[in-house]
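Shown next, in structure tokens, is the structure this report addresses.
Computed from the coordinates by the stated procedures, all read-outs in this text should not be read as laboratory data. In this text, all values refer to a predicted model and were calculated from it rather than measured experimentally. Here the Cβ is made from the backbone with ideal geometry for all residues, glycine too, and neighbour counts use every protein chain on show.
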Amino acid sequence: MSAPDPQPAAPSAPSSADPIDEVAGPSPADVVRRLLDGPRPLPLVTAGHPVLRHPAAPYDFGLLPELFAELIDAMRETMHAAPGVGLAAPQIGLGLAVAVLEDSAPVPDEVAAARDRHPLPFRVIVNPTYEAVGNERAAWYEGCLSVPGYQAVVDRAARVRLRCQDETGAMVDEEVAGWAARIVAHETDHLNGTLYLDRAVLRSLATHQATAAWWGGPDLIPARVALGF
Ligand SMILES: [Zn+2]
């Protein structure tokens, strides 16, 4: 686990049995504990914070199960409060390859159908990777809790193969399609230091207000024509 906290490292616990830990600063468990002892929902870090631009450290399930469960609960609470449909650990300042996803798909039926967006039950992805399955693409507006106030169109694979672990450490290898594939790709990108704006069609950039007023429908063509992308 990296130590994303930009504040000076606190002295190591004197009880540490490993002298390397004392040199390296707080243990991963200390970093998580300190995070969880702070305000809830957890404060989100935004674009410009270095933790969003570095690959997250693979999670080796080295935290005590109770502490990891508490972290997942706090991430879920924070995602709901935002509100968002996905949250990667770097977005709470933690450079660890863990993300939570959940989408109740609260959109009109015609929009849900056009975007292949269906309710996605809560899930945890650990150390995820994804790759496109087939050649079908889907371009839609998406936003990011770490880039507040804006949305932009991102062209992504319509179906991806997700390989990861779940919160118990069990291996996952499955295909994910539609809006859920977009969420998987967006959150996995976070864990690789990539923001959606890196992949976005920048001429489509719109505030949430503009998107809600004009570009929230089931068809992207009006936005393409009006904004010139
Ligand atoms: Zn994001």
Exercise. Output ³J(HN,Hα) for segment 55-65: one whole-Hz value per residue in order, computed from phi by the Karplus curve 6.51 cos²θ - 1.76 cosθ + 1.60 with θ = phi - 60°, and x for Gly and Pro.
Key: x, 6, 6, x, 8, 9, 6, x, 7, 4, x
Quiz item: Which value in nm describes the separation of the simple spin-label points at residue 47 and residue 203, placed 7 Å from the Cα toward the beta carbon?
Solution: 1.9 nm
Quiz prompt | Pair residue 104, residue 212: separation of 7 Å Cα→Cβ label points (nm) | solution = 1.6 nm
Practice problem: Could you give me the percent of Cα pairs per 5 Å distance bin for segment 158-218, shortest bin first, beginning at zero and ending with the bin that holds the maximum distance? | Solution: 4, 15, 16, 22, 20, 10, 7, 6, 1
Exercise. Starting from the Kirkwood radius over alpha-carbon pairs of the chain, derive D by Stokes-Einstein at 10 °C in a medium of 1.306 mPa s and give it in µm² s⁻¹.
Key: 85 µm²/s
Practice problem: Rounded to the nearest Å, what's the spacing between the alpha carbon centres of segment 104-165 and segment 214-229? Just the number, please. | Solution: 19 Å
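How would 144, 164 line up from fewest to most surrounding beta-carbon atoms within 10 angstrom?
Ordered from fewest to most neighbouring Cβ atoms within 10 Å, 144, 164 come out as 164, 144.
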Quiz item: What are the residues whose amide H is under 5 Å from the amide H of residue 86, where those residues sit 5 or more places off or on another chain and H is modelled from the backbone?
Solution: 102
Quiz prompt | Phi-based couplings in Hz for segment 79-93 (Karplus 6.51, -1.76, 1.60; Gly and Pro marked x) | solution = 4, 5, 5, 4, x, x, 10, x, 8, 9, 3, x, 6, 10, x
Quiz prompt | Relative contact order of segment 19-227, pairs being alpha-carbon contacts under 8 Å that are 6 or more residues apart, as % | solution = 21 percent
Quiz item: Ranked by Cβ crowding within 10 angstrom, fewest neighbours first, how are 110, 77 ordered?
Solution: 110, 77
Exercise. Mind telling me which of 73, 189, 37 comes out most flexible in a GNM of the chain, alpha-carbon contacts under 10 Å?
Key: 37
